[in-house]
Amino acid sequence: MKVDVLFFAILRDISQSDKIEMELDNEMTIAEFFTQLCETFPKLEKYASIVSFAINSEYCDRTQMIHDGDEIALIPPISGGNYG
Amino acid sequence: MKVDVLFFAILRDISQSDKIEMELDNEMTIAEFFTQLCETFPKLEKYASIVSFAINSEYCDRTQMIHDGDEIALIPPISGGNYG
Amino acid sequence: MVEITDKKIDVDALLKNTENPATGGVAIFIGRVRNHAHGKIVEKMEYFGYEKMAIFELEKIEAEARQKWPVREMAIVHRLGMQHIGDASVVIAVSCDHRADAFDACRFVIDTLKKTVPIWKKEYGPNGEEWVDGEIPQPE
Amino acid sequence: MVEITDKKIDVDALLKNTENPATGGVAIFIGRVRNHAHGKIVEKMEYFGYEKMAIFELEKIEAEARQKWPVREMAIVHRLGMQHIGDASVVIAVSCDHRADAFDACRFVIDTLKKTVPIWKKEYGPNGEEWVDGEIPQPE
């Protein structure tokens, strides 16, 4: 199955890409997916504890199942708005 | 001694005047002054419990003494700003 | 800065007054004439003030807000005279380094203004005009 | 209404969106790029967003605010791209019949925005650029 993976901010600096298409062998959880992704981008591993995930623009936790065609976003800590 | 007396809003409707000049026989408190003023404008009396006073643009209580040349304002309940 | 005016308030110009490179947050309150009040229709509203004292009281409010919060810029403008539905009768803008301070200071200003600044309004509706009930100011 | 834009935010036009004859109070928050942060000099700031999701999250915030407070009009605009000191990166305007609701709802929007909307900023200063620390969003 195929999924799109989006990278933002500091995670984009690591992946050197806004978006990649990935081929997964089977349906899996976000946690399993992240482990697999770290094989391609080993530097991602140290962000494991602070990265959040969204599937199809919806925040999800790491037990969530990924399905064919999903858009998976890796969301580093957000900093919208302004200071204060 | 002479004082200026200012009327606003509903109190101005009663006095029919923004400002009058009054001749007082002696220094007196705001409370005494108001009693005297009610002789000229008897309808003021029913506002006794809700009127506030300012001497020379400064809120004061009714024990405050009035001096020659003071500007005394009768301040009905205020409603600046907007609703809510 | 504080101002009493009988002209339309230019919100954009006023916001320029709150520009300061050190500020991250500006909280603004705009009080507008609305078309209803305590269940009655309002057509327009006329504001009157004891101008000299109103300015004096607004200056006191600004000073007190600056004592309580680290305010960089502050603008308070109250308009007098006849105003129609949607007109801005009062605008308060406060800029601070942090947004919580800006919100708190802005809210303090409008809350205090209504308790201390000698301004009165007369409401015009289908059944005529009447002075609006208000707050009895307390000497300090 | 919510909007993500890469253009300068027109505060005046946005305020027009909050006009409603029934509203007495408009609370507005303007977040500006400021020249310092956590003790360091800031020269400019670049904002990036996951736009589709950011709009989705902003719409959720608007809906939640409208559930909690009797909001008449609401406008939330966040700007992306390079911004300079004093530029408005976010503007939130909320109009309600009563001012307390307007203040509370406006504050809720900016507080929640910082916790949920996928936008990131990079700070440029005399010593180079860096991603600004942020909040870890929590799935509901």
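The values are calculated or read from the model by the stated rules, or taken from the named source; none is laboratory data. These numbers were taken from a predicted model, which means no experiment stands behind them. Here Cβ is always computed from backbone atoms with ideal geometry, including for glycine, and neighbour counts include all displayed protein chains.
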Residue within segment D:113-134 that is basic (Lys, Arg) and either buried (at least 23 other Cβ atoms within 10 Å of the Cβ) or touching a Gly at 6+ places or on another chain (Cβ under 8 Å) (or both) present: yes
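Yes or no, residue by residue, for (1) facing another protein chain (nearest Cβ under 8 Å); (2) within 11 Å of the chain's Cα centre (by Cα); (3) under 20 Å from residue D:117 (Cα atoms); (4) among the β-branched types (Val, Ile, Thr):
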site: A:15; (1), (2), (3), (4): no, yes, no, no
site: A:30; (1), (2), (3), (4): no, yes, no, yes
site: A:54; (1), (2), (3), (4): yes, yes, yes, no
site: A:65; (1), (2), (3), (4): no, no, no, no
Qualifying positions in segment D:45-56 - within 15 Å of residue D:79 (Cα to Cα) and either buried (at least 23 other Cβ atoms within 10 Å of the Cβ) or of a type outside the set (D, E, K, R) (or both): D:45, D:47, D:48, D:49, D:50, D:53, D:54, D:55
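Residues are listed down the side, and each one gets a yes or a no for (1) more than 9 Å from chain A (Cβ to nearest Cβ); (2) aromatic (Phe, Trp, Tyr):
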residue	(1), (2)
D:47	no, yes
D:51	yes, no
D:56	no, yes
D:59	yes, no
D:64	yes, no
D:69	yes, yes
D:72	yes, no
D:86	yes, no
Where residue B:58 falls short, out of the listed (1) more than 12 Å from chain C (Cβ to nearest Cβ); (2) closer than 19 Å to residue C:49 by Cα; (3) acidic (Asp, Glu): (1)
Residue match in segment D:132-140 (condition: over 23 Å from residue C:98 (Cβ atoms), of a type outside the set (Phe, Trp, Tyr), at the interface with chain A (Cβ under 9 Å from one of its Cβ atoms) and touching a Phe, Trp or Tyr at 6+ places or on another chain (Cβ under 6 Å)): yes
Any hit, segment A:13-36, residues being buried (at least 16 other Cβ atoms within 10 Å of the Cβ), touching a strand residue (DSSP E or B) at 6+ places or on another chain (Cβ under 7 Å), without any contact (Cβ under 8 Å) to a residue 60 or more places away in the chain and within 30 Å of residue C:70 (Cα to Cα): no
Any chance residue D:61 is within 21 Å of residue D:7 (Cβ to Cβ), of a type outside the set (Ser, Thr, Tyr) and under 15 Å from the mean Cα position of the chain (by Cα): no
Residue within segment A:7-29 that is in contact with a Lys or Arg (Cβ under 7 Å, 6 or more places away or on another chain), of a type outside the set (A, V, I, L, M, F, W, C), assigned to a loop (DSSP other than H, G, I, E, B) and farther than 15 Å from residue D:50 by Cβ present: no
Residue ID - nearest to the other protein chains (Cβ to nearest Cβ), chosen from residues in segment A:37-52 that are more than 19 Å from residue D:57 (Cβ to Cβ) and surrounded by 16 or more Cβ atoms within 10 Å (Cβ to Cβ): A:47
Counted residues, segment B:71-84 - those being more than 11 Å from the chain's Cα centre (by Cα) and outside any strand (DSSP E or B): 7
Hits in segment D:112-126 - residues which are more than 16 Å from residue A:73 (Cβ to Cβ) and either facing chain A (nearest Cβ under 7 Å) or in contact (Cβ under 8 Å) with a residue 24 or more places away in the chain (or both): D:112, D:113, D:114, D:121, D:122, D:123, D:124, D:125, D:126
For residue B:69: the one exception among (1) closer than 25 Å to residue C:123 by Cβ; (2) surrounded by fewer than 17 Cβ atoms within 10 Å (Cβ to Cβ): (1)
Residue list for segment C:74-84, restricted to those being closer than 18 Å to residue C:49 by Cα and either within 15 Å of the chain's Cα centre (by Cα) or more than 10 Å from every other protein chain (Cβ to nearest Cβ) (or both): C:76, C:77, C:78, C:79, C:80, C:81, C:82, C:83
Number of the condition not met by residue C:40 [criteria: (1) among the charged types (D, E, K, R); (2) more than 22 Å from residue D:16 (Cα to Cα); (3) at the interface with chain B (Cβ under 10 Å from one of its Cβ atoms)]: (3)
Positions within segment C:10-44 being crowded, with 19+ Cβ neighbours inside 10 Å, under 16 Å from residue C:80 (Cβ atoms) and out of contact with any His (no Cβ under 8 Å at 6 or more places or on another chain), in sequence order: C:31, C:32
Spans of strands (runs of 3 or more DSSP E) in segment D:1-114 with at least 2 residues within 27 Å of residue C:22 (Cα to Cα), modelled with pLDDT under 95 and of a type in the set (Lys, Arg): none
Subset of segment C:108-124 (residues that are over 10 Å from the mean Cα position of the chain (by Cα) and among the charged types (D, E, K, R)): C:115, C:121, C:122, C:123
Selected residue (criterion: farthest from residue D:113 (Cα to Cα)) from residues of segment D:13-37 that are of a type in the set (Gly, Ala, Ser) and more than 9 Å from chain A (Cβ to nearest Cβ): D:22
Looking only at segment D:88-102, and only at residues there that are within 14 Å of chain B (Cβ to nearest Cβ) and surrounded by fewer than 24 Cβ atoms within 10 Å (Cβ to Cβ), the one that is nearest to residue C:104 (Cα to Cα): D:100
